[in-house]
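Take a look at the structure set out below.
Readers should treat all values here as calculations from the given coordinates under stated rules, not as data from a laboratory. Fair warning: this is a prediction, and the values are worked out from it, not measured in the lab. Quick reminder, even Gly has a Cβ in these numbers, built from the backbone with ideal geometry, and neighbours come from all protein chains shown.
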Amino acid sequence: MDLDAVRTFTAAADTGQFQEAAAELMLTQQAVSKRIAGLEKNLGVRLFTRTARGAKLTIDGQAFLPHARALLRAAERAEASVRPGSRALRVDVVGRRVATAGLVRDFYRAHPEVELDVVTVYGGGPAVDAVRDGTIDATFRTLPPPGRRLPDDIAVGHPTYEPLQLVTGPAHEYAGARSVTPAQLAGHRIWMPGNAPGTEWAAYYEEMAAEFGFVLDAVGPDFGVESLLDTIAGSATVGTFLSERTPLVWPVDHDLCRIPLLDPVPVYPHLLHWHPHNAHPALALLRDHVAAHSARHAPADPGGTWAPAWSR
């Protein structure tokens, strides 16, 4: 359906005069008559009858008017959904339970006037591609591992370092420990079924395993965190890694243990990625918020943390 014709119809219905509708739409009266005639032909009904006082809606015209208004409102919403400054700011996070999801939530609390759309794109490469083509406005990702290159037209900064913890069941060797060093995990099995090949987080943990000598097990389908914790709770030999900032609730009979990793503290670095030419006005607010958070929460002793050199 020709939306210009629909818009012309509503203007004529509101004014009751083709001439006044023409002036409102900055058209000639002939153009208004032509558009409405085309709409009537398309619908197969008469929408107006001419009177001495102007144009009067027919019964069919009265029936069509509320639907015409709804069509125009839908068209406006459709345009606004992709118009920078009108559509929501689209921000990608790796997962809804990682630190960056909480950071975006804090941003929204500080700026409730910003319409926000939080999404999850699987994998750093596709996420960066989505930033390049404007599908999303920003993403929190670690830098790509060796052999993969970040595009030159993507800006990166404001790192958020997410400390990792060891999570075990009550029968595990380290269940009662107040802390564990990564080196103490040598030979121990760490199960992380969500580490899909080719993802940046899989590359991160593979290098961590090579550095500290633990056995990284990514075998098995990923049924989510709850299923993972069910297995960990009942095992005396298997542990996993979670962020110390990951909010979790588990059954009391699981008696799971969250054990800090120290000396060094493994941190997963999330860096904000955006396109410098992105004109969305809320993007600057997000960048300022993340920059301030990064400055406040920078590691007091960077030498006491560990992450692959390529990820920082």
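Observations on the model:
- Most positive-pole-ward Cα, T10, V93, A307, against dipole of the chain from beta carbon charges: T10
- Relative packing of 40-51, 284-295, which averages over residues the other C-beta atoms within 10 Å, highest first: 284-295, 40-51
- Cα-based shape type of the range 33-126, given that a ≥ b ≥ c are square roots of the gyration tensor eigenvalues and the cut on a/c is 1.5: prolate
- GNM on the chain, alpha-carbon springs under 10 angstrom: the most fluctuating residue among R90, R189, R296 is R296.
- The range 3-79: C-alpha gyration tensor shape, a/c 1.5 cut-off, then a/b vs b/c: oblate
- Listed residues A68, G134, V119: farthest to the positive end of the dipole of the chain (Cβ charges): A68
- For the chain, the antiparallel share of DSSP beta bridges with both residues in that region comes to about 60%.
- Each Cα pair under 8 Å and six or more residues apart adds its separation to the average, and for the chain the resulting relative contact order is 21 percent.
- Net charge contributed by nearby residues that have their C-beta within less than 12 Å of D117 (K/R +1, D/E -1): -1
- Matching label, Cα extents along the principal axes in Å computed from the structure shown, candidates [x] 94, 42, 35; [y] 77, 48, 30; [z] 50, 43, 40: [x]
- Student exercise, the chain dipole from Lys, Arg, Asp, Glu Cβ charges, in Debye to nearest 20: 1400
- Helix content alone sets the calculated 222 nm mean residue ellipticity of the chain: runs of n ≥ 4 DSSP H residues at -39500 (n - 2.57) each, divided across all residues, give -12000 deg cm²/dmol.
- Most mobile of A183, A282, A101 in a GNM of the chain (Cα contacts under 10 Å): A183
- GNM top mover of G194, G16, G123 - the chain, alpha-carbon springs below 10 Å: G16
- Counted over the range 162-266, the DSSP beta bridges are approximately 55% antiparallel.
- Degrees, to the nearest 10: 200-212 long Cα axis against longest axis of the chain: 10
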